[in-house]
There are 2 protein chains.
Amino acid sequence: MSLAKKIRVAVNGYGVIGKRVADAVVRQDDMELAGVADISVDWRPRVAMQRGFRLFGATKAHAETMRNAGLDITGSLDDLLGASDLVVDCTPKRIAAVNVDIYRQRGIKFIVQGGEKHEVTGHSFVAEASYASALNRVSTRVVSCNTTSIVRTLTVLKHAGLLHRARGTLLRRATDPWESHLGGIMNTLVPEPEIPSHQGPDAQSVDPELDVITMAVKVPETLAHLHYWSVQLTRPAAREEVLDAFSASSRIALIRVDAGLTALNTVKELMADLGRPNDNLYEVALWSDMLKVEGDELFYAYMVDNQAIVIPETIDAIRALTGTVSAEESIAKTDATLGIGLLTETLGNR
Amino acid sequence: MSLAKKIRVAVNGYGVIGKRVADAVVRQDDMELAGVADISVDWRPRVAMQRGFRLFGATKAHAETMRNAGLDITGSLDDLLGASDLVVDCTPKRIAAVNVDIYRQRGIKFIVQGGEKHEVTGHSFVAEASYASALNRVSTRVVSCNTTSIVRTLTVLKHAGLLHRARGTLLRRATDPWESHLGGIMNTLVPEPEIPSHQGPDAQSVDPELDVITMAVKVPETLAHLHYWSVQLTRPAAREEVLDAFSASSRIALIRVDAGLTALNTVKELMADLGRPNDNLYEVALWSDMLKVEGDELFYAYMVDNQAIVIPETIDAIRALTGTVSAEESIAKTDATLGIGLLTETLGNR
């Protein structure tokens, strides 16, 4: 690999997702971070500069403003795209939709995030479910955090021949930690008015065969989402058989209440103690000792770090679009570089 | 009824439930509040005094201490029981278990709350499901707030011939508002380690025929519990048929997101504006415009005011044990005196 040409990756938007994608890209020996583009002049791009990333303004005007604010700016997004093989769009919803036209005009491969509709790229990505169909495409959409977790967990149950249908209740964190000073809900619960919520259909954009229905509610905390699932199996199964199925995915970490992981905050603290950047939990953290099988019904709960879970998928999506390696090779490489798997090594899992 | 002898009711424990039971008892023209017993010398019994309730110490020693603190104390629990036909025990868990022996020795009818086990009384009470079997018994247990809501909602589906089985996820408020200064969880979610959680089996203590499984999680807010349900019906049904079934119970209030009732806090504010004591929500508040039927599956969410929902049940349980009237008569009377039904009148419901 070291002799092969590295994939030059541009990251457009250096926010919650963009900064994590950039960090992950520089850990890959088959990728090179061409640079990051943004519009901000506050502390955020200064961190990118300090990390040695090449900084670009989203437009020539932004580049100028950022330069005037004392930032070391290499050029504009246009220049960045010219020096890249692929761009990962991590800008807010409405901005990304406009950017896609720019990427198409330039003929550069691109990845958008789960805030965009499936139709924007015509392909929705979760590594363990749709890597093969993304191979050498022009673009794909890495689905949202909740949808990623749903596809990961239901795909392994499907592959084990166990999945009939799944019904989930999603507790959604109120806002991201870094912007919680800008406002969020306090001391209340806010149901999403639509039942079913959109995550079920979104999971079907990755795998139309999944029979999945979700309900969602916003809760007053910022750490992560929490899912409760009630799954109808194809047949009665043993608890161990289900745990085996979940263990088949490196991106599902089995955790235990009786190891002291009793709540969202303790899991986040463990990520910090493992030395992960931004305390990232890349895995679906599923409580193995809570998991229950009753006849042909399965019940379980898991935690989703909405800021981190899509990062390994994004890295795999880059490899899929550029057609360099197989799904298995990419997933193994991404896992190794991000420390995925260490969690199970550290804790055991059953 | 005005010529008949009134039921003399003692309330033992003047806390979150006891004070609401006392308030509700004085609104009944067939009941008389014989008095309330407690051990506290802080602001709480002073409110009882100010409301003109006769105050008793839990023991002679407590009576003395309370007298010394300047409270107007009529006597001890023993005296109160001597002047009562029935006692509603609203003391904390471990205390109630001890009190039951006292009640039995005195041969006085008694009601315990949902914190006690079914075996303590051998009968578990929800007015619309088990009033008849409580008639003229010595004792019953008014089940917990969550269990009450489960039995109310599933009973009407059962009576409509629609209920096959129900699977629910319960978001439990962290602590009661009045004692939130004593501590509660903040900015995290704490799953109950056991799946299934205890509320499903507890509902079966009222109606063993219910096929119900629950999962539960503690959330960082104090206002109320929130339930999400996924119900397998006996057959495909129309949405209106399900709403008709829920409407058959006066103790299920259909509310609407599009009437601005978008979250727990707005519903509580409505209770305050309706002039209800302590902003009590006695009903299961079920969002009619969120409710969804897909084939033979039903999905809905509702709010449970854990401090208030058992109050009408307790009033009905008093009438059941004393054998004065039928379930229908008691429920109608309780509803009228507590303003149950006004919610639907105020808002419409579909």
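Taking (1) over 19 Å from B:A4 (Cβ atoms); (2) more than 14 Å from every other protein chain (Cβ to nearest Cβ) in turn, B:D296 satisfies each apart from (2).
Listed by first and then second residue, the pairs with beta-carbon distance under 7 Å, at least 6 apart or on different chains, first residue in region A:73-99 and within 18 Å of A:V41 (Cβ to Cβ), second part of a loop (DSSP other than H, G, I, E, B) and of a type in the set (A, V, I, L, M), are A:L77/A:A58. Among the residues of region B:78-132, the ones that are under 24 Å from B:P208 (Cβ atoms) and among the acidic types (D, E) come to 3 in all.
Of all residues in region B:225-257, those being within 8 Å of another protein chain (Cβ to nearest Cβ) and not in a strand (DSSP E or B) number 1. For region A:117-136, taking the residues that are β-branched (V, I, T) and not in a helix (DSSP H, G or I), the one that is nearest to A:P92 (Cα to Cα) is identified as A:T121.
Find the residue count for region A:137-148, including only residues that are under 22 Å from A:S326 (Cα atoms) and outside any helix (DSSP H, G or I).
Residues meeting the conditions: 7.
Just to be sure, is B:S133 within 14 Å of chain A (Cβ to nearest Cβ) and free of Cβ contacts under 8 Å to residues at least 40 places away in the same chain? Talk me through it step by step, then tell me what you get.
Details: within 14 Å of chain A (Cβ to nearest Cβ): no; free of Cβ contacts under 8 Å to residues at least 40 places away in the same chain: yes.
No; evaluated as a whole, the condition is false for this residue.
Of everything listed in (1) among the hydroxyl-bearing types (S, T, Y); (2) within 23 Å of B:G15 (Cα to Cα); (3) away from chain A (no Cβ under 11 Å), the single unmet condition for B:T222 is (3).
Mind checking whether some residue in region A:228-239 is within 22 Å of the chain's Cα centre (by Cα) and not aromatic (F, W, Y)?
So in region A:228-239, the residues within 22 Å of the chain's Cα centre (by Cα) come out as A:228-229.
From the residues that got through so far, the ones that are not aromatic (F, W, Y) too are none.
So far as region A:228-239 goes, no, none of its residues is within 22 Å of the chain's Cα centre (by Cα) and not aromatic (F, W, Y).
Within region A:92-108, the residues that satisfy the criterion of being touching a helix residue (DSSP H, G or I) at 6+ places or on another chain (Cβ under 9 Å) and of a type in the set (G, A, S) are A:A96, A:A97.
Among residues that are over 23 Å from B:A263 (Cα atoms) and in the same structural domain as B:I95 (by TED's automatic domain parsing), B:G115 is included.
Within region A:145-164, track down each residue that is of a type in the set (G, A, S) and surrounded by fewer than 23 Cβ atoms within 10 Å (Cβ to Cβ). Quick ask: steps written out before the conclusion?
Residues of region A:145-164 that are of a type in the set (G, A, S), as a first pass: A:149, A:160-161.
A:A160, A:G161 - these are the residues of region A:145-164 that are of a type in the set (G, A, S) and surrounded by fewer than 23 Cβ atoms within 10 Å (Cβ to Cβ).
Could you list all residues from region B:258-274 that are hydrophobic (A, V, I, L, M, F, W, C) and not in a loop (DSSP other than H, G, I, E, B)?
Step one: filter region B:258-274 for residues hydrophobic (A, V, I, L, M, F, W, C), giving B:259, B:261, B:263-264, B:267, B:270-272, B:274.
Selection gives B:A259, B:L264, B:V267, B:L270, B:M271, B:A272.
If you go through region A:258-288 and pick out every residue that is at the interface with chain B (Cβ under 7 Å from one of its Cβ atoms) and touching a residue at least 12 places away in the same chain (Cβ under 8 Å), you end up with 3. What number of residues in region A:116-130 are buried (at least 18 other Cβ atoms within 10 Å of the Cβ) and free of Cβ contacts under 8 Å to residues at least 60 places away in the same chain? Qualifying residue count for the region: 4.
In region B:165-214, which residues are crowded, with 16+ Cβ neighbours inside 10 Å, away from chain A (no Cβ under 12 Å), in contact (Cβ under 8 Å) with a residue 24 or more places away in the chain and in a helix (DSSP H, G or I)? Of everything in region B:165-214, those that are crowded, with 16+ Cβ neighbours inside 10 Å, away from chain A (no Cβ under 12 Å), in contact (Cβ under 8 Å) with a residue 24 or more places away in the chain and in a helix (DSSP H, G or I) turn out to be B:Q199, B:D202, B:A203, B:S205, B:V206. Considering region B:275-330, and only residues there that are of a type in the set (D, E) and in a strand (DSSP E or B), the residue that is surrounded by the fewest Cβ atoms within 10 Å (Cβ to Cβ) turns out to be B:E294.
Residue-by-condition table, conditions (1) in contact with a Lys or Arg (Cβ under 8 Å, 6 or more places away or on another chain); (2) within 22 Å of B:L223 (Cβ to Cβ):
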| position | (1), (2) |
| --- | --- |
| A:D176 | no, no |
| A:N187 | no, yes |
| A:P193 | no, yes |
| A:P208 | no, no |
| A:H227 | no, no |
| A:V231 | yes, no |
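Looking across region B:152-164 at every residue that is touching a strand residue (DSSP E or B) at 6+ places or on another chain (Cβ under 9 Å) and more than 14 Å from chain A (Cβ to nearest Cβ), the one that is farthest from B:V21 (Cα to Cα) is identified as B:L162.
The values are calculated or read from the model by the stated rules, or taken from the named source; none is laboratory data. Since we're looking at a predicted model, the values are computed, not measured. Neighbour counts run over all protein chains shown; Cβ positions are idealised from the backbone, glycine included.
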